[in-house]
1. Which order do peptides 362-369, 241-248, 328-335 fall in by mean Cβ count within 10 Å, highest first?
2. What percent do you get for the relative contact order of the range 35-184 when only Cα pairs under 8 Å and 6+ apart count?
3. Quick test of the membrane-span-like rule: which DSSP H helices of the chain reach at least 27 Å along their long axis (C-alpha atoms) with mean Kyte hydropathy at least -0.5?
4. Compute the FRET efficiency between Thr88 and Ala342 as 1/(1 + (r/R0)^6), taking r as their Cβ-Cβ distance and R0 = 22 Å, and round to the nearest 0.05.
5. Grab the Cα-Cα distance for Asp229 and Phe256, subtract it from 0.36 nm times how many residues apart they are, and report the gain in nm with one decimal.
6. Hey, rough spin-label estimate for Glu130 and Lys2, points 7 angstrom out along Cα→Cβ, what's it come to in nanometres?
7. Quick one: Cα centre-to-centre distance for the range 62-101 and the range 103-179, in angstrom?
8. Fully extended, how many nm does the chain gain between Arg281 and Asp267 (0.36 nm per residue separation, minus their Cα-Cα distance)?
Amino acid sequence: MKKIRIGIVGCGGMGGGHAIAIQSGTGNAIWNGSNVDVPGFDSPATTDISQLLELAGVVDIKEERQAWAKERGMKVYPDYETLLADDTVDAILIATPNHLHKEEAIQAMRAGKHVLCEKPVMLSSEEMLEVMAVSKETGMTFYPRQNREWDEDYLMVKKIYDEKLLGNIFNIKCRIMGSRGIPGDWRGVKAYGGGMMLDWGVHILDRILKMVPEKLSRLYCTCTHITNDECDDGFQLLLTFEGGLTVNLEVGTCHFVNEPLWCVYGDQGSAEIKNWGLEGRMVRLLSWNDRDATPILAGAGLTKTMAPRGKSKSVEELPLPKFDFDRNELYKNFVEVCNGEAEQIVTQEHALRVLRVMEAAFQSDETGSVVEFNG
Ligand code: NAD
């Protein structure tokens, strides 16, 4: 496969991480490029991306980030135009604040470069349609870097769902909870594409919309503004799919006690993934026979309906499914697509659908009503 020479615009936390990842071959796009060794990224199934991508150089408007890149032996271009004018560069990786993605992507494609663009790829579906039209017109790849369908926690949930390990799934809950508010940079400013819906919302919608092969019928959303008036610092979003599956997605930045990252409920059992350390379990139903239990004390009353099963013979506890996978598949697929050897795993149409669902979620928040989506 022909190596792709790539230039990075925006060499901050994410762009710096990409730069280090490409230089080192790990694909371990580490925050701020500090060389933290994250377990799992040395898995044998992981593609060495230095065999696929070559770092041409970086552009950043901040002198400290330019110095950071130079210290690591990276070429620093004086500005974006100079990077785009370099004929040895095949592709651009966009890792600037969100409001800059559209213009940078269009400029790159018009300069004959393929584009790998950080999420949220655009601020709106309208912007996305414009970029898709330029990609079509120029024949240049526009690839959304929606990378979290390669998260191990999500892949566990997908396996449980796809293979019906707990029967038919009727409800999924995914909660991303922190306690630090929105970071004090551009992420808290609306004009720069700030807010948690455009940040974590993209990731968690991206994955669920990819996993469930059904139309999304309707949704209801409430955004929170606990720590920031201008941008949403979290949200609760309820999705209902055509077949009846409901999905509760929650992002919060003012939670000092966390609920499980995932809960999955099927008609033959339940699963929980407690945290990113992947602690959790599946509890599978063996028999419905012992419906009647001895009542337990529940607050000021008794309940037998909600009495826990304890060590009952009617359920079994199982570990979460484990498997190996290529954590660098997105980079690999991007290079294959640029070389005309594969179709995009993360398609433009999928990124467009994610943006449309986020717009419907904002509409629901503003109007206080359920939005019929049907798509
Ligand atoms: P950041 O603020 O750390 O870095 C952005 C960099 O862009 C800064 O160094 C800034 O100086 C530079 N910059 C700003 N304007 C510029 C311009 N006109 N030309 C060149 N450089 C410019 O932000 P970040 O956390 O690295 O986020 C960057 C992008 O990556 C965002 O779109 C964000 O959503 C995305 N991101 C994705 C993931 C993921 O998991 N896929 C994770 C974090 C961030």
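1. In descending order of packing, they fall as 328-335, 241-248, 362-369.
2. 13
3. Helices passing the filter in the chain: 348-367.
4. 0.40
5. Extra length available between Asp229 and Phe256 comes to 7.7 nm.
6. 3.1
7. Answer, in whole Å: 23.
8. The Arg281-Asp267 span can extend by a further 3.4 nm.
The values are calculated or read from the model by the stated rules, or taken from the named source; none is laboratory data. None of the values given here were measured: they were computed from a predicted structure. When we count neighbours, we look across all protein chains shown, and the Cβ atoms used for this are built from the backbone with ideal geometry, even at glycine. All accessible areas refer to the heavy atoms of the entire protein, side chains included, with ligands and DNA or RNA removed. Shrake-Rupley method; radii C 1.70, N 1.55, O 1.52, S 1.80 Å.
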